[in-house]
Each structure stands twice: as C-alpha cells, then as structure tokens.
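Engineer: Just passing along the structure, written as structure tokens.
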Amino acid sequence: MKGKHSNRPGPFGLGPRPNGALIGLAVIGVGATTVQAAKSPEETGTSAAAVHSVPKPRAADPGESTTSSKSEKAGKSDVDERSQVIARAKTWNPHSDERVRYSQSDYHEGYRTDCSGFDAMTLGLPKPGPNTVGLTSSRFTKRIKMSELKKGDLVMDAQGTNTTRHVVIFEKWANSRHTSYWAYEQRGRYGTDYRTRDYGLSSGSEYKAYRPVKLSGA
C-alpha cells in the first residue's frame with residue numbers, strides 16, 4: 001500500500017530523505033562557524049596582540065644606563081663630600097659669638113680646638129686629629145698648585161713651631177683675579193673664623209696648597 005508521502009524531487013534534485021539530510025548538515029556547519037567566531041582570542045589560542053599588533057619601542061641598552069648612572073652618582077658624591085667639609089666647618093659657628101674658642105689643649109666634641117684639630121674635624125679624621133705637620137703626610141693630603149684649589153682643599157704652612165704653623169680651609173676665590181680667597185680657620189686668640197685670606201699667593205710664601213686624600217677624586 002502506498003503512503004501519503006510525495007515523491008516529487010526536493011530542491012537539490014534528490015528524494016525527500018537525502019534532501020533533508022543535506023539540509024541538516026548545512027545547518028550544523030553554519031552553527032559551528034558561528035560558535036567559532038564568537039570565541040575569544042584566549043579560547044581559540046590566538047593572542048590579542050595577533051589581532052591588533054602595535055610595535056613596541058626599543059628597550060634601552062642596560063649598559064648605557066648603568067654607565068650613565070654610575071657617572072652621575074660619582075659626580076654627585078664628589079660634590080657632596082666637598083660640601084660636607086664646609087658644612088662641618090660651619091658647625092663651629094665661625095665669626096660669631098658662639099664660635100669655638102682657640103686652644104691647643106682644649107677639646108670640642110673630641111677634637112683639639114686649634115687649627116689642625118678644626119681641619120681634622122671637617123674632614124672626619126680620627127679624633128683628636130693630627131697636628132699641622134701630620135696633615136701634610138701622604139696618609140691625609142697631597143700637594144697641588146694654588147691654581148688648582150677647590151672647595152674643601154687646604155692651604156698650610158707646616159714650617160716652624162706650633163706657634164707659627166697654620167692651616168686654613170679653602171672655600172672659593174674672592175675675585176676673578178684670584179688675589180684672595182674665602183677660607184675657614186681656627187685662629188689663635190680668637191677661634192673659628194671665616195674671612196678672606198691670601199696665604200700662599202705671594203712669591204716665596206711658606207703656605208702651600210694641599211688636597212685631602214678623601215677628596216682626591218673630586
């Protein structure tokens with residue numbers, strides 16, 4: 001007995017059953033494509049950078065930055081060390097009523113209150129500090145030209161006796177002709193002072209310029 005199903009060919013020229021199977025496969029294919037397109041880059045294994053790639057700037061050479069950093073730090077360290085010498089000199093209140101009085105037998109914060117004791121304090125040398133002759137030792141200083149003086153360097157007369165020897169701390173030139181300079185000192189019958197001096201600038205002067213070893217790299 002014949003059924004009621006139509007035997008007319010489907011849209012692909014096939015019978016009803018083969019034609020329905022093809023349509024089903026087509027629907028499944030479209031669905032799979034839609035699901036794949038909806039997945040995020042992480043789910044598909046594709047990074048977001050692969051979708052929109054932005055070129056990254058070239059990283060700086062580690063060697064260049066390290067060299068520059070070391071150079072800057074060294075420069076700052078030298079400048080700071082010289083400034084610290086002057087800063088410590090100011091703690092004895094030069095040229096004021098609160099200044100530390102001069103004495104070769106008294107002490108202030110462990111340092112002798114004479115000229116060499118004062119300089120030893122500003123340089124952070126062991127207490128109570130060497131005398132003026134001791135400061136000329138290669139352990140502490142080295143000879144330089146007067147024209148090479150920088151902040152924190154010393155100008156010393158290490159000749160004679162303990163009543164004639166003297167040392168001052170150079171800060172800066174007082175004029176463009178370099179005929180005098182500003183200096184810190186612990187001078188006899190007064191104490192800590194800050195004034196212009198011309199020690200070592202005249203021909204035949206017994207005063208010589210010295211650079212503290214701890215400032216030799218500055």
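Engineer: Taking θ = phi - 60°, what integer Hz values does the Karplus form 6.51 cos²θ - 1.76 cosθ + 1.60 yield along the stretch 98-104, in sequence order, with x for Gly and Pro?
Structural biologist: Using θ = phi - 60°, the values come out as 8, 4, 7, 5, 6, 6, 8 Hz.
Engineer: Amide H of ILE144: which non-local residues (sequence gap of 5 or more, or other chain) have their own amide H closer than 5 Å, using H built in the peptide plane?
Structural biologist: ALA209, TYR210, ARG211
Engineer: What are the ³J(HN,Hα) couplings of the stretch 125-133, residue after residue, when phi is run through the Karplus curve with 6.51, -1.76, 1.60 and θ = phi - 60°? Round to Hz, x for glycine and proline.
Structural biologist: 7, x, 6, x, x, x, 7, 4, 4
Engineer: Can you give the local net charge around LYS127? Use residues other than it whose beta-carbon is closer than 11 angstrom to its beta-carbon, Lys and Arg +1, Asp and Glu -1.
Structural biologist: My count for the surroundings of LYS127 gives 0.
Engineer: Once the piece of chain linking THR161 and VAL213 is laid out straight, how much longer is it, given 0.36 nm per residue of separation minus the C-alpha distance between them?
Structural biologist: Separation in residues times 0.36 nm, less the Cα-Cα distance, equals 16.2 nm.
Engineer: If the only charges are +1 at each Lys and Arg Cβ and -1 at each Asp and Glu Cβ, what is the size of the charge dipole of the stretch 76-215 around the Cα centre, to the nearest 20 debye?
Structural biologist: Using only the charged Cβ atoms, the result is roughly 340 debye.
Engineer: Let me ask something else. If packing is taken as the average number of other Cβ atoms within 10 Å across a peptide's residues, how do 94-107, 174-187 rank, most packed first?
Structural biologist: Averaged packing, sorted descending, gives the order 174-187, 94-107.
Engineer: Can you list the HN-Hα couplings for the stretch 164-178, worked out from phi with the Karplus curve (6.51, -1.76, 1.60; θ = phi - 60°), rounded to whole Hz and with x for Gly and Pro?
Structural biologist: 10, 5, 7, 8, 10, 9, 6, 10, 6, 6, 7, 7, 5, 8, 6
Engineer: For each of ILE144, ILE169, count neighbouring Cβ atoms within 10 Å of the residue's Cβ, then give the residues from fewest to most.
Structural biologist: By the 10 Å Cβ count, ascending: ILE144, ILE169.
Read-outs throughout are calculated quantities, based only on the coordinates presented, and are distinct from any laboratory measurement. The shown structure was predicted, so the numbers you read here are calculated from the model rather than taken from an experiment. Glycine also receives a Cβ, built like all others from the backbone with ideal geometry; neighbour counts cover every protein chain displayed.
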